[in-house]
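See structure below.
No lab work stands behind these numbers, since they all come straight from the coordinates. Being a predicted model, the structure only gives us computed values, none of them experimental. Here the Cβ positions follow ideal geometry from the backbone for every residue, glycine too, while neighbour counts run over all protein chains shown.
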């Protein structure tokens, strides 16, 4: 009888232990999304425009995760749902280049490569490239310096521009204000030695701006 009683206690403790571990797992999945293998997490592998991005956990969510540091908002997703662009949360007005830096940029290159080439040219010519430097050194909200870049005209045009209203709507629901104000936004695409392309948010059109114009926004982005 005594042996049977001890066996029963072991079974009880085993059940309690299993229940406790199960509870811990559920709490871990809820509190630390991205580490488990739940069905909802598998679905989130396909990203959508407007999702919030959390760099510290490399996690995407359709809802705001309170208590977590948000890094940006998904602005573009390709046809696979796996790759795209994220707009970061600290756009800032500044010059493209106060020294009117001129640099040759490959026509089919993207913003990441163009940002690198702009900075290399600035170093070689001992000139300033404020917009590209701000993007390359951007280090807020879990984003590490070197990850962000100045988007190209093509990236603005096909990716970010068409979704500005949605991005603002998502940001407004949290902060009560627009993320991207109406105005002009620099691209990493150069036109002439003293001119660069800028997207005019007021009418979703392109215009040229003098590189030393300090009334144009810089909006850093990262790719995923």
If R0 is 30 Å, what FRET efficiency do you get for residue 166 and residue 98 from their C-beta distance, rounded to 0.05?
-> 0.35
How long is the gain from residue 105 to residue 224 if the chain were fully straight, where each residue apart is worth 0.36 nm and the alpha carbon distance is subtracted?
-> 40.6 nm
Can you pull a Stokes-Einstein diffusion coefficient for region 110-152 at 20 °C (1.002 mPa s), Rh from Kirkwood over Cα pairs, as a whole number of µm²/s?
-> 207 µm²/s
Grab the Cα-Cα distance for residue 69 and residue 113, subtract it from 0.36 nm times how many residues apart they are, and report the gain in nm with one decimal.
-> 13.0 nm
Any idea how far apart residue 46 and residue 173 come out in nm if each label point goes 7 Å out from Cα toward Cβ?
-> 2.0 nm
Using label points projected 7 Å from each Cα along Cα→Cβ, tell me how many nm separate residue 145 and residue 127, to one decimal.
-> 2.4 nm
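Between residue 207 and residue 80, take the C-beta separation as r, use R0 = 35 Å, and let me know the FRET efficiency to the nearest 0.05.
After rounding to 0.05, the efficiency reads 0.60.
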Sequence of 124, 153 once ranked by neighbouring C-beta atoms within 10 Å, starting from the fewest = 124, 153
Where the Cα atoms of region 175-224 are projected onto their three principal axes, how long is each span, largest first, in whole Å?
-> 39, 28, 19
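Take the Cβ-Cβ distance between residue 56 and residue 158 as r, set R0 to 25 Å, and report the resulting FRET efficiency rounded to the nearest 0.05.
Efficiency, from the Cβ-Cβ distance: 0.30.
Obtain the radius of gyration and the Kirkwood radius of region 88-223 from its C-alpha atoms and give Rg over Rh. Don't jump to the answer; show the numbers that get you there.
Values: Rg = 14.1 Å, Rh = 14.8 Å.
A ratio of 0.95.
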Calculate the spin-label point distance for residue 193 paired with residue 215, positioning each point 7 Å from the Cα along the beta-carbon direction, and give it in nanometres.
-> 2.6 nm
